[in-house]
1. Got a number for residues in the stretch 84-124 being within 14 Å of the ligand (Cβ to nearest atom) and under 21 Å from residue 267 (Cβ atoms)?
2. Go through (1) over 20 Å from residue 12 (Cα atoms); (2) within 16 Å of the ligand (Cβ to nearest atom); (3) surrounded by 17 or more Cβ atoms within 10 Å (Cβ to Cβ) for residue 39 and report which single condition fails.
3. Please enumerate the residues belonging to the stretch 236-270 that are under 16 Å from residue 188 (Cα atoms) and over 20 Å from the mean Cα position of the chain (by Cα).
4. With respect to residue 238, determine if the residue is more than 16 Å from the ligand (Cβ to nearest atom) and surrounded by fewer than 16 Cβ atoms within 10 Å (Cβ to Cβ).
5. Would you check if residue 145 is touching a residue at least 24 places away in the same chain (Cβ under 8 Å), surrounded by 16 or more Cβ atoms within 10 Å (Cβ to Cβ), under 27 Å from the mean Cα position of the chain (by Cα) and in a helix (DSSP H, G or I)?
6. What number of residues in the stretch 11-34 are surrounded by 16 or more Cβ atoms within 10 Å (Cβ to Cβ), outside any loop (DSSP other than H, G, I, E, B) and either without any contact (Cβ under 8 Å) to a residue 60 or more places away in the chain or under 19 Å from the mean Cα position of the chain (by Cα) (or both)?
7. Take the stretch 394-431 and flag every residue that is in contact with a helix residue (DSSP H, G or I) (Cβ under 8 Å, 6 or more places away or on another chain) and part of a loop (DSSP other than H, G, I, E, B).
8. Filter the stretch 249-287 for residues that are in contact with a strand residue (DSSP E or B) (Cβ under 8 Å, 6 or more places away or on another chain) and part of a loop (DSSP other than H, G, I, E, B); which is farthest from the ligand (Cβ to nearest atom)?
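The values are calculated or read from the model by the stated rules, or taken from the named source; none is laboratory data. Quick caveat: nothing in here was measured; it's all calculated off a predicted structure. Every residue, glycine as well, gets a Cβ built from its backbone with ideal geometry; the counts of neighbours run over all protein chains shown.
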Ligand code: PHE
């Protein structure tokens, strides 16, 4: 089953009982889509970097995805029982090594080594998840951060932050219910004054609003060019700030943007906790950080209907995009999908829960049929009133982006799914 060691990007790692990274997921680690100039993700990264050119940020694009649990969780103050640490959510290489689940895994390192006031990190990140049009277990994030030194500016740090804030352009956005800056449940840092907190929060929010305005104004142009008559497209962008929680920032927020009739959650952020900076050896600086996902934004900018297309190696996808340009994706013929069910009785156990997680099943099916799996979902569930035994029916949708699948091919996948289900989970298969 699990090999004794895994070779990832030229390094060898010993496996153990924590190992759950699959060959399928590991095969994505060398794609570096955000570095390809003609790929939608590369184009978007470039656009954002260009927007902040000359404003004191260093751009990091080469961090590799294998990090320690220390970098991904501990140094950021994730509690021991945080759900993000669980094997159902995260790909472990072994007990102390994993595929980063967010770009924040590199914050400490960048705070330590960065020579400019701020930085942007763009990278691929991995989270075990369902697979469908909008979810994929690998995606990309941009992390932004900026700090100000107390030593350099002495008592003038407040004036320096204020001047930096005033130097930022004012985006044309209507912000609904701007949240209070901080309060007991979303408190400021002990070592920062109220004015410092307010100014840093304002600088952070303004920076994100600039980014969001730029992206959505482009998305509006694309939508108008594509013939949309949505009246919102001709009004200023609407956004709102909501309270959030991240273990390494306080206070913390999220921005939501009104787009095509719904609030889209765009980006988490906050003021970096003092102990996190201290752990990175920084004792004289205070500042903010944010993290934004690229795929969702790229989907609306380029009109890409399915998140899996980003990983496509099909020329009909790749040839549609060009560095520096935003254009609407033209769908190419999609072949019809095939739906298959698999039903079974779960073995009877006292405790419910960790028997067979939806993510485990999705992953198993994916390890068998790869990207041909369009969707896996729990379709039906039944608990026998007398025996208390539970049966489940999962629905698997097989579909290829670029060819039609044969029945015998799908039958073979289904046979393997059934076989592995009964071997690994001891289920009693239903016909
Ligand atoms: N890493 C967070 C996420 O993945 C986003 C974030 C980054 C939040 C930096 C606060 C500060 O959701």
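1. Qualifying residue count, the stretch 84-124: 20.
2. Condition not satisfied by residue 39: (2).
3. 250, 251
4. On the way: more than 16 Å from the ligand (Cβ to nearest atom): yes; surrounded by fewer than 16 Cβ atoms within 10 Å (Cβ to Cβ): no.
So residue 238 fails the test.
5. No, not satisfied.
6. 5
7. Residues satisfying the conditions are 399, 400, 401, 402, 405, 427.
8. 284
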